[in-house]
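Heads up: the structure comes next, in structure tokens.
The values are calculated or read from the model by the stated rules, or taken from the named source; none is laboratory data. Every value quoted in this text rests on a predicted model; they were computed, and no experiment measured them. FYI the Cβ positions are ideal-geometry reconstructions off the backbone, even for glycines, and counts take in every protein chain you see. Please note that ligands, DNA and RNA were not included when accessible areas were found on the heavy atoms of the full protein model with its side chains. Shrake-Rupley method; radii C 1.70, N 1.55, O 1.52, S 1.80 Å.
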Amino acid sequence: MTTVDLPLLPLGRGRDLTTERGVECPGDLPEPSDPDLVARARAAKAALGERVFVLGHHYQRDEVIEFADVTGDSFKLAREAAARPEAEFIVFCGVHFMAESADILTAEHQQVILPDLAAGCSMADMARLAQVEDAWDALAAAGVADAVVPVTYMNSSADIKAFVGRHGGTVCTSSNAETALEWAFAQKPDAKVFFFPDQHLGRNTAVLQMGFSLDDCVVWNPLQPNGGLTTEQLRDARVILWRGHCSVHGRFSADVVDELRATVPGVQILVHPECTHDVVLKADLIGSTEFIIKTIEAAPAGSAWAIGTELNLVKRLAAAHPDKQILFLDKNVCYCSTMNRIDLPHFVWAMESLVAGNVVNRIEVDPETERHALTALQRMLELPGKSHRD
């Protein structure tokens, strides 16, 4: 078994329907250098009027964000779409799992469009349904499955959310992960939480917010027999973490934090909880994308910040707050490569296709998957506190 079991599909060509990525995008796109792209996008949006509602994730390119009716994180955007029943078309400028969530939450008459079907999420692809089902069977064989409550991060496919719904679990966002874990531990005596697909969010929440020790957490590696764990480790663990991560947030390093503190007087380190545990331990503030934005908005003029999240957002924050010193917590470029697949040519193609009466790249979750995924999402919505936020 290799360390990568996903087929390599250059530039999204080819088909692999068991993952979010690699589905060929049909149609002829405008040339990227077309000087009329912006005018064409404006004209298409004007022609569609209230029939279309455009969602823009915070990590999107500026050229796409310009046309968003609302910006935000994944679940916030899906809920915004559900609150616009008059919109026949929801054009989701994000990635595949986000469009799936929008399809689950919106009405039957609304159609969700993803401008490029190859815009997936590497983290979501790290927990595939067959792997999770195999892991659950292994937990049953170890005699611990009856005590396990699954919790999946919003950054997961619809079939993973449905699995969680069928097995009595819930979904969480980066801002309500603690609340979701507290709920999960309250569901059964001596409960264990099986958290996927992002090990770092699960670990940081369990250890830093809930008081568990690192020894209470074990990591399930889907590419190893029995997850690479002994039966005794599974029985002793309180939190079983899936071996997944965000390719963007996993790049930040504790060494850069130390270097910035040594060279930038008074700098405050602000990071997303998908960052590795050693980086989060060195940070001043940890929180979701919305938390990061609000923190910078409320920061005093002249303050210095190093931010550990996707570069498009950090650049946008720096441009919006020239009175503050805003730095990127990495020496190298760190864009979300799959999110950046949604560019202006794809957006124009999708919008002009709608104007012509041709619905392209529609994202549809099958009714059975939708029913169980909605159960898991509804459990999250019923949680107290920050459940409505990302």
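Checking the structure you have, find out if any residue of region 120-131 is part of a helix (DSSP H, G or I), touching a strand residue (DSSP E or B) at 6+ places or on another chain (Cβ under 9 Å) and either open to solvent by 50 Å² or more (accessible area, probe 1.4 Å) or over 21 Å from Lys161 (Cα atoms) (or both).
no
Going through region 67-91 one residue at a time, which ones are open to solvent by 30 Å² or more (accessible area, probe 1.4 Å), under 23 Å from Lys294 (Cβ atoms) and modelled with pLDDT of 95 or more?
Asp69
Out of (1) open to solvent by 70 Å² or more (accessible area, probe 1.4 Å); (2) in a loop (DSSP other than H, G, I, E, B), what's the single condition that is false for Glu368?
Answer for Glu368: the failing condition is (2).
Can you confirm whether region 196-214 contains a residue that is under 15 Å from Trp136 (Cα atoms) and touching a strand residue (DSSP E or B) at 6+ places or on another chain (Cβ under 6 Å)?
yes
Which residue pairs have Cβ atoms closer than 9 Å, lie 6 or more positions apart in sequence or on different chains, and pair a first residue in region 215-229 that is open to solvent by 30 Å² or more (accessible area, probe 1.4 Å) with a second residue that is of a type in the set (Asp, Glu)?
Asp215/Asp236; Asp216/Asp236; Pro222/Asp5; Pro222/Asp134; Leu223/Asp5
Does Arg203 qualify as being of a type in the set (Lys, Arg), open to solvent by 30 Å² or more (accessible area, probe 1.4 Å), under 30 Å from Asp190 (Cβ atoms) and under 25 Å from the mean Cα position of the chain (by Cα)?
yes
All but one of (1) at pLDDT 95 or above; (2) open to solvent by less than 20 Å² (accessible area, probe 1.4 Å); (3) within 25 Å of Asp330 (Cα to Cα) hold for Leu208; state the number of the condition that does not hold.
Status for Leu208: all satisfied but (2).
Pairs, please: C-beta under 7 Å, at least 6 apart or cross-chain, first residue within 15 Å of Val64 (Cα to Cα) and in region 337-360, second among the aromatic types (Phe, Trp, Tyr) and at pLDDT 90 or above?
Hits for this filter: Phe347/Phe67.
Residue-wise test of (1) touching a Phe, Trp or Tyr at 6+ places or on another chain (Cβ under 6 Å); (2) aliphatic (A, V, I, L, M).
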| site | (1), (2) |
| --- | --- |
| Asn226 | no, no |
| Thr231 | no, no |
| Asp236 | no, no |
| Leu241 | yes, yes |
| Arg251 | no, no |
| Asp255 | no, no |
| Asp258 | no, no |
| Val267 | no, yes |
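Hey, could you check region 247-295 for residues that are out of contact with any helix residue (DSSP H, G or I) (no Cβ under 6 Å at 6 or more places or on another chain) and among the polar types (S, T, N, Q) and say which is surrounded by the fewest Cβ atoms within 10 Å (Cβ to Cβ)?
It comes out as Thr263.
Name every residue in region 296-310 that is on the phi < 0 side of the Ramachandran plot and open to solvent by 60 Å² or more (accessible area, probe 1.4 Å), in order of residue number. Explain how you work it out, then say what you get.
Step one: list which residues in region 296-310 are on the phi < 0 side of the Ramachandran plot, which gives 296-301, 303-310.
Within region 296-310, Glu297, Ala298, Pro300, Ala301 meet the criteria.
Look at Pro273 and say whether it is touching a Ser or Thr at 6+ places or on another chain (Cβ under 7 Å) and modelled with pLDDT of 95 or more. Write out each step before concluding.
On the way: touching a Ser or Thr at 6+ places or on another chain (Cβ under 7 Å): yes; modelled with pLDDT of 95 or more: yes.
When the stated conditions are applied, Pro273 passes them.
Just the residues that are touching a residue at least 40 places away in the same chain (Cβ under 8 Å) and more than 25 Å from the chain's Cα centre (by Cα), please, taken from region 232-277.
Listed by number, the residues that qualify are Leu234, Arg235, Ala237, Leu260, Val264, Val267.
Applying the selection to region 92-112, what residues are open to solvent by 10 Å² or more (accessible area, probe 1.4 Å) and assigned to a strand (DSSP E or B)?
Within region 92-112, Gln111 is the sole residue that qualifies.
Just the residues that are open to solvent by 70 Å² or more (accessible area, probe 1.4 Å) and of a type in the set (Asp, Glu), please, taken from region 311-341.
Asp323
Would you be able to tell me the number of residues in region 29-45 that are buried (at least 17 other Cβ atoms within 10 Å of the Cβ) and assigned to a loop (DSSP other than H, G, I, E, B)?
Initially, region 29-45 is screened for residues buried (at least 17 other Cβ atoms within 10 Å of the Cβ), giving 29-30, 37, 40-41, 44-45.
Within this subset, residues satisfying the condition of being assigned to a loop (DSSP other than H, G, I, E, B) are 29-30.
The number of residues fulfilling the criteria is 2.
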